[in-house]
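Only one structure is covered here, and it is reproduced in the block below.
Derivation of every value follows stated rules applied to the coordinates shown; laboratory data play no part. All values derive from a computational prediction rather than experimental measurement. Please note: Cβ atoms are built from the backbone with ideal geometry, for glycine as well, and neighbour counts cover all protein chains shown.
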Amino acid sequence: MLAKKLGIDFYYSSNTLNKEILETFLRSTDEKLVLITTSALAIGINYSIIKFTLHLTPLYSLIDYIQESSRIRNKGYSYILNNSSTINQVQPSNININITSIEDFKVVDKRYINLLLNETRCLRKVINNFLDNSSIIECSLGLEECCYLCLNRQNLLKQTATLEENTLKTINLDLLDLTNKLIGLDDELCLFCLIIGDYTKTLFHTISICPFRSTTSNSIYSIKEIRDRLATLEHRVKRTGSYCYNCLFPSRICNQLKIENSNSSSCIYLHNLYYLIALLIERRNTINPLVIPNITPNISNYSIDNLLVYLISPNILYTIDTINLVNIASKFNLEIVLELKDSSKSRELNKRNRTPPRISSSNIAIRSPNIRDRKKGKERE
């Protein structure tokens with residue numbers, strides 16, 4: 001029935017056209033590439049032209065399957081079109097029985113083919129146990145080709161390893177970017193002007209030499225005062241190991257910076273984030289709430305102590321342990337400053353250089369290089 005519907009020749013033991021069907025199939029042309037057959041071609045037949053075999057369930061014998069799939073030798077692939085709902089579940093402990101007759105062997109043979117169809121780790125393990133009574137865990141990559149189960153597992157492991165490698169690269173690049181931002185908090189822009197001062201002056205000096213800072217310096221929290229407050233709040237932080245308590249940098253970044261600076265025992269950038277905390281507290285107290293969407297809650301709802309606890313509480317950024325303060329700090333180098341840079345460049349490009357007017361000694365007339373001015377002069381004459 002299947003051969004008739006597909007229009008494919010059918011080779012079976014009682015077919016009188018078997019000779020012609022086989023000759024047509026074995027010709028070195030593309031006339032007939034597929035042949036449907038029963039077990040009549042399973043044993044004693046060996047043709048190098050065969051590259052693929054497809055087996056339809058139910059299968060009743062592992063011996064027959066091995067013979068039939070061996071027609072491909074080692075040049076192709078053997079597939080089983082399997083309906084798992086029709087397969088009997090067989091426990092390995094119930095496989096072997098005391099074989100005293102051909103009927104006993106057939107029972108064991110059938111149990112093994114069902115075991116093969118239910119196998120999820122290694123097909124060769126089942127076949128070796130059946131043929132050689134030997135136990136293996138899985139295919140050996142170094143000695144033989146894998147079955148498809150072992151091959152799929154190895155490919156999955158390779159894909160996972162590649163994904164982990166790419167993820168690690170991404171983490172390291174993000175970590176490097178974050179490190180550069182934290183280092184640059186005091187030498188690339190003025191945090192005072194950016195957060196509570198005139199943000200248009202942000203790019204023209206650093207916080208250490210800010211001329212506008214002196215006018216309100218008495219109200220800015222000193223580093224010592226912040227450090228004293230943090231010392232009393234340290235026990236309220238859930239995971240104190242995620243950041244360096246001296247500089248507040250994520251521990252991984254702080255340790256790396258120490259190694260890069262001749263294995264220094266002290267923090268390299270001790271005050272960068274303390275300045276940031278002081279300015280955020282000042283903004284919260286005197287100006288208006290600072291809200292960075294999707295990063296921080298409304299800081300106006302926090303007392304000073306609660307605000308400090310929030311800023312040094314651990315969270316996950318770039319898949320490493322860090323502190324909420326870094327989330328805030330990493331935003332300050334981007335939107336406002338970059339927009340300010342772009343607008344400054346645009347204003348410089350839009351400025352036009354004007355040429356001074358020329359005075360002619362012959363007619364003492366003022367001539368402008370602007371064509372519109374010349375037309376206006378002619379109209380007046």
Worksheet, complete the sentence: Other residues with Cβ under 10 Å from the Cβ of ILE97 give, with Lys and Arg +1 and Asp and Glu -1, a net charge of 0
Fill in: FRET efficiency, ILE223 to LEU156 (Cβ-Cβ, R0 35 Å, nearest 0.05)
0.10
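Determine the sum of side-chain charges near ILE268: Lys and Arg each +1, Asp and Glu each -1, restricted to other residues whose C-beta is under 13 angstrom from that of ILE268. Spell out each step's value before the answer.
Details: positive: LYS258; negative: ASP186, ASP187, GLU260.
Value of the local net charge: -2.
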Discussion item. Testing the spin-label approximation: label points 7 Å from Cα along Cα→Cβ at SER303 and ILE209. State their distance in nm.
Written reply: 4.2
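Taking the mean number of other Cβ atoms within 10 Å as a proxy for protection, how do you rank 111-123, 171-183 from highest to lowest?
111-123, 171-183
In the structure displayed, which of LYS201/LYS331; LYS19/LYS51; LYS181/LYS258 lie more than 23 Å apart, Cα to Cα? Spell out each step's value before the answer.
Numbers: LYS201/LYS331 18 Å; LYS19/LYS51 21 Å; LYS181/LYS258 17 Å.
In this structure, no pair lies more than 23 Å apart at Cα.
Could you list the chymotrypsin sites (Phe, Trp or Tyr not before Pro) in segment 1-71 that lie in coil according to DSSP, counting only those with at most 14 other Cβ atoms within 10 Å of their Cβ?
TYR12, TYR47, TYR60
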